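The values are calculated or read from the model by the stated rules, or taken from the named source; none is laboratory data. The structure displayed is predicted, hence computed values, not measured ones. FYI the Cβ positions are ideal-geometry reconstructions off the backbone, even for glycines, and counts take in every protein chain you see. SASA here: full protein model, heavy atoms, side chains in, ligands and nucleic acids out. Shrake-Rupley method; radii C 1.70, N 1.55, O 1.52, S 1.80 Å.
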Amino acid sequence: MALSRAERCLALLLRLLSRACLALLGLAAPSPPRSVPPPRRSLLLLPACQLAKKLRQREVTCVEVVEAYIERIKEVNPLINAVVKDRFEEALQEARQVDKLLAEGPGDDYLEEKFPFLGVPITVKEAFSLHGMPNTSGLVNRRDVIATCDATVVSRLKQAGAIPLGVTNCSELCMWYESSNRVYGRTNNPYDLQRIVGGSSGGEGGVLAAACSVIGVGSDIGGSIRMPAFFNGVFGHKPTTGVVPNDGQFPIAQGVRTSFLCTGPMCRYAEDLEPMLRVMAGPGVHKLKLNEKVSLEKIRFFCMDHDGGSVFVSPVDKEILQAQKKVVEYLERDLGVQVQRVSVHKMKYSFQIWSAMMSSKDSDGQDAQLFTDLLGDHGKPVWPLWELMKWLVGMSSHTLPAIALGLTEKLVKLNRGANAKLVSMGKSLQAEMESLLGPDGVLLYPSHPTVAPRHHSPLCMPFNFAYTAIFNVLGLPVTQCPLGLSSEGLPLGIQLVAASYNDHLTLAVARYLEEAFGGWVLPGKA
């Protein structure tokens, strides 16, 4: 499908306009990288499963654990601004209750089965309801909204024994890949405070990377789990669509988008992904085949270095390509497999496909909800052009990306014929990918074209999220896996993709690659 002249002009125009906006933002010359200090407490360096085991075996008290994490948050949160509202007093009270339960002496097997995360600290993306915590999604006119109940996944993790420390920052209405808004401000990357943490689950990515939490809850409709996980060097998993419940978050997907939004786990250590997913999925977990044993030597591995050269997206950085090449070479050498290079032509149109499918009607003919309606949140209508004029003089309560998205969605609706063709292409691509991967295939694919960009610079290339977004509309399970640091000290990584309901394959490969390449690396270690 050739790009139309209008699309090429639009791509060029957006780049020119975004560069003009950067000039207005007054983007300063880059300063030397500055990271958060490394954690001093060894308790902060244990996977959640190991931490829970130590607690069950009475090797450490829950109060000690929670106090260590609270101390760490107080140390580095002024630098990264990831935790936007804490519940430290409540967490310490819950920790004392855990210690009381442990003192009563129930058996380890009973505790592990009933409370697999007993006493483990957790953080939650602010877009999810956590009782007593704000639930604004970065929207100013929701500043006073306080959750009166827990989202289903939050409730399940609490029932499994996890102790929430607080809620973390996100982008405005969870629809941009820099976590910055008019309610809480901007979150900074722990590896370089001048860099972004990604979005929309950026606060979660940052808080995990900085060792302020060990497991967290994120959501993903265009890469909102995987981009922050990539930029912050941690693990994130977008499950197969429709298994983990999405209710209890704002904004909630409606219409066709209910098939694209996914809730999933984020964590520092690969071994915690599967236990978290089991708890979060609840009764539907059997669909994900997590009990099936995976033989890595029998997996058919595929590799794509890039999307084929979309004009809307940056070329993939050399160091990201080199990291992916090292993975391929390691798989072939260590497992004796042959990694097949593939070129899926339709991936070149990832952004256009995602955009068209996000704005398409559902099977009942219902239109997708307008982003401008969400910006108003049942209040006064929001007019993007008027908000842009207000923003230029510093009077808008919305961020520039949110305003730009409001303007863009109106343009998308002008060409319904092209959108219909792109939706058809998306369905064809879905069938092609399911056929390619089958019951035993895993695709290696870049997580993003660049390492974590500097603050504001995503405005220059606003569609780079297409590398993750395409898998939302395809409904495939994807695990983001860290692969060490770049020459600039920034996290590298890779996406592991499987066919629907084969989450067990990508999770198994993530555990394998963590052992081979080291997984999460402490920020500030150098």
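Laid out as a table, the results:
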quantity	calculated
Length added when fully stretched, Ala516-Val337, from 0.36 nm per residue minus Cα-Cα	62.9 nm
Trypsin sites (Lys or Arg not before Pro) within segment 286-349, DSSP loop, no more than 13 other Cβ atoms inside 10 Å	Lys293
Positive-end residue of Gly203, Leu392, Val153, charge dipole of the chain with Cβ unit charges	Leu392
Estimated FRET transfer efficiency when R0 is 22 angstrom, pair Lys114-Glu90 (beta carbons, to 0.05)	0.50
Cα centroid of segment 269-322 to Cα centroid of segment 52-71, whole Å	31
Whole-Hz couplings from phi, Karplus 6.51/-1.76/1.60, listed for segment 454-467; x for Gly and Pro	6, 3, 6, 5, x, 4, 6, 10, x, 9, 5, 5, 4, 5
Once exposed loop GluC sites (Glu not before Pro) are cut out (DSSP; at most 13 other Cβ, 10 Å), longest piece of the chain	293-487
Two-site FRET efficiency, Tyr330 against Lys427, from Cβ-Cβ distance with R₀ of 35 Å, rounded to 0.05	0.50
Accessible-area composition of segment 32-137, carbon plus sulfur, in percent [1.4 Å probe]	48
Gain on full stretching of the segment that runs from Val140 to Arg454 - 0.36 nm per residue minus C-alpha separation	110.6 nm
Amide H contacts of Gly166 (H built 1.01 Å from N, under 5 Å, at least 5 apart or other chain)	Arg87, Val124
Förster radius 30 Å - calculated FRET efficiency between Leu436 and Lys361, Cβ distance, rounded to 0.05	0.60
3J(HN,Hα) from dihedral phi, segment 331-340, Karplus parametrisation 6.51/-1.76/1.60, rounded to Hz, x for glycine, proline	4, 5, 6, 7, 9, x, 9, 10, 7, 8
Convex hull volume per residue for the chain, taking Cα atoms only, in Å³	140
Phi to ³J(HN,Hα) by Karplus 6.51 cos²θ - 1.76 cosθ + 1.60 over segment 238-243, Hz, x for Gly, Pro	9, x, 3, 4, x, 9
